[in-house]
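Comments concern the structure below.
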Amino acid sequence: MSLPAATANLATIASMTLADLAAHLGATLHGDPTAQITGVAAIDTAGPGDITFVSNPRYIALASTTQATAVLVEPNFPEIAAATLRLANPYLAFARTIELFYQPPTYAPGIHPTAAIAPTAHIGANTHIGAYAVIMDHVTVGDNAVILPHVVIYPYASIGSHLFAHAHSIIREHCQLGDHVTLQNGAIIGSDGFGFARQSDGSWYKILQSGPAILEDDVEIQANSCIDRASIGETRIRSGAKIDNLVQVGHGCTVGSNTLLCAQVGLAGSTKVGNNVIFAGQAASAGHNTIGDGAIVTAQSGVGGDVAPGKMVSGSPAFDNVEWLRSTVRFKKLPELIKQLKSTQK
C-alpha cells in the first residue's frame, strides 16, 4: 500500500471572538466580546490578537503590562487593562486554546514501501507505518497506530490501539503497551536492566534480563528516556504516568498512575513509586525504596530511603522540605557564624 504524505490538520482556525472562546472554555469574560483572538503566546511576548495566561504568581506583575488582547486568569484575579477570561484552571484552559490554533500533522493510514514487517506480525486497522520502520516476528499492534520512520519493534511485543511512536523510538522483545501510548523520539522501552554478578576472577557475568517492560494506558515517554526490562518479574509504568526527557527507570521498578518523572530523573532498580507522585528535574532514588502516593521529590534531591505518602522532601540525602529550607538558610550563614565563634574564642 502506498503511503500518503503527512498533512496539516484543517481543523485549526484563523481567529475567533473572545465571546466564542469564552463559551468554548466555559470561562467568564471581562472585556470586549467582539475582540478577535488570532493566536496564543507567552505573557511577556504576546501582542495584539494573542491570548496568554497567568497561573504562576511570579507572572502576576506582567499581566498589568502585557500587550495581549486577553489573559486567562483565576476567578478572583484583579482587573487589568487587557480583557480577562476567568476560570478555575487557566493553565489547562491555555492548553485547550493552543489546540484551536495549532494542530500537528496528521498521518493517513498506509505502509511505506521501505518498511520491513515480518509476515507473522499482526497490524491493526487504520495504521500508518513510516519509512524504514521495522516490525519483527509475532508483534501485535492495535488499531489506529502511527509508527513513524526508523521505529523498531522487537519480536513478541504486544501493543494496544492508538500507539503514537515517533521516529527512532524502540520497543524491545515481549514488552507490553496499552492503549493511547505515546513514545517521543529516541524513547527505548525494555532495554536491558543493569545487572551483573561478580565472578571469582573479578570479572562481571551478565544477568539475563528476562522480564518485560509494561506500559499501561495513556502513558507518555518523552525523548531519549529508557525504561529498562527486569531480570525477573517486570518493570511497570501505570496508567496516565508521564515521563520526561532523559529519564532512567531501572529494572523492576513500578511507577504509579498519573505520576510525573521530570527531566533527568533516575530510579535505581526495584524502586516502587506510588500514584500522583512528582519527581522534579534531576531527582533520583536509590534502589528498593518505596515512594508513597502524592509525594513530591524536589529538583536535584537524592532519596536514600522510603518516603511517606504526601511528603515533600528535598536535598541529598533527602529529608523534609521545610527542614531543608531552614537548613539551607543556616548553611549560608556558616562563614559568618564561624567568624563570630573565632572572635569569641579570642
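Miscellaneous remarks
- Filtered residues of the stretch 25-59 (kept if closer than 19 Å to L92 by Cβ and either without any contact (Cβ under 8 Å) to a residue 12 or more places away in the chain or among the basic types (K, R) (or both)): A42, N56, P57, R58
- All positions within the stretch 260-303 that are under 18 Å from I227 (Cβ atoms) and hydroxyl-bearing (S, T, Y): S270, T271, S285
- Qualifying residue in the stretch 117-138 (condition: closer than 18 Å to V219 by Cα, of a type in the set (A, V, I, L, M, F, W, C) and modelled with pLDDT of 95 or more): no
- Residue satisfying all of: in the stretch 59-85; in a loop (DSSP other than H, G, I, E, B) and surrounded by fewer than 16 Cβ atoms within 10 Å (Cβ to Cβ); nearest to the chain's Cα centre (by Cα) among these: E74
- Of all residues in the stretch 262-284, at least one satisfies being in contact (Cβ under 8 Å) with a residue 60 or more places away in the chain and not in a strand (DSSP E or B).
- The residue that is farthest from G47 (Cα to Cα), counting only those in the stretch 86-118 that are part of a loop (DSSP other than H, G, I, E, B) and aliphatic (A, V, I, L, M), is A118.
- Search result, residues across the stretch 250-261 that are under 12 Å from S285 (Cβ atoms) and in contact (Cβ under 8 Å) with a residue 40 or more places away in the chain: G250
- Under the condition of being within 18 Å of H288 (Cβ to Cβ) and touching a Cys at 6+ places or on another chain (Cβ under 8 Å), the residues counted in the stretch 237-267 number 3.
- Within the set A230, A157, the sole residue that is buried (at least 22 other Cβ atoms within 10 Å of the Cβ), over 23 Å from A263 (Cα atoms), among the aliphatic types (A, V, I, L, M) and in contact with a Pro (Cβ under 9 Å, 6 or more places away or on another chain) turns out to be A157.
- Top-ranked residue in the stretch 86-138 [being among the polar types (S, T, N, Q) and crowded, with 17+ Cβ neighbours inside 10 Å; ranked as nearest to G39 (Cα to Cα)]: T97
- Scanning the stretch 89-116 for residues that are at pLDDT 95 or above, of a type in the set (V, I, T) and within 20 Å of H166 (Cα to Cα) gives I111, T114.
- Filtering the stretch 220-242 to residues that are out of contact with any Leu (no Cβ under 8 Å at 6 or more places or on another chain) and in a loop (DSSP other than H, G, I, E, B) leaves Q222, R229, I232, G233, E234, R238, S239, G240.
- Residue check for S225: among the small types (G, A, S) and closer than 19 Å to I170 by Cα: yes
- Residue within the stretch 200-211 that is in a strand (DSSP E or B) and either closer than 15 Å to V247 by Cβ or in contact with a Leu (Cβ under 6 Å, 6 or more places away or on another chain) (or both) present: no
- Criterion (in contact with a Gly (Cβ under 6 Å, 6 or more places away or on another chain), assigned by TED's automatic domain parsing to the domain that holds Q248 and buried (at least 20 other Cβ atoms within 10 Å of the Cβ)) met by exactly one of V151, V146, V141: V141
- The residue pairs whose first member lies in the stretch 192-205 and is without any contact (Cβ under 8 Å) to a residue 24 or more places away in the chain, whose second member is assigned to a loop (DSSP other than H, G, I, E, B) and surrounded by 15 or more Cβ atoms within 10 Å (Cβ to Cβ), and whose beta carbons are closer than 9 Å, counting only pairs six or more residues apart or on different chains, are F196/I207; A197/I207.
- Single match in L177, L148, L163 (criterion: under 22 Å from the mean Cα position of the chain (by Cα) and closer than 24 Å to L267 by Cα): L177
The values are calculated or read from the model by the stated rules, or taken from the named source; none is laboratory data. Note that the structure is predicted; figures quoted are calculated from it, not measured. Every residue, glycine as well, gets a Cβ built from its backbone with ideal geometry; the counts of neighbours run over all protein chains shown.
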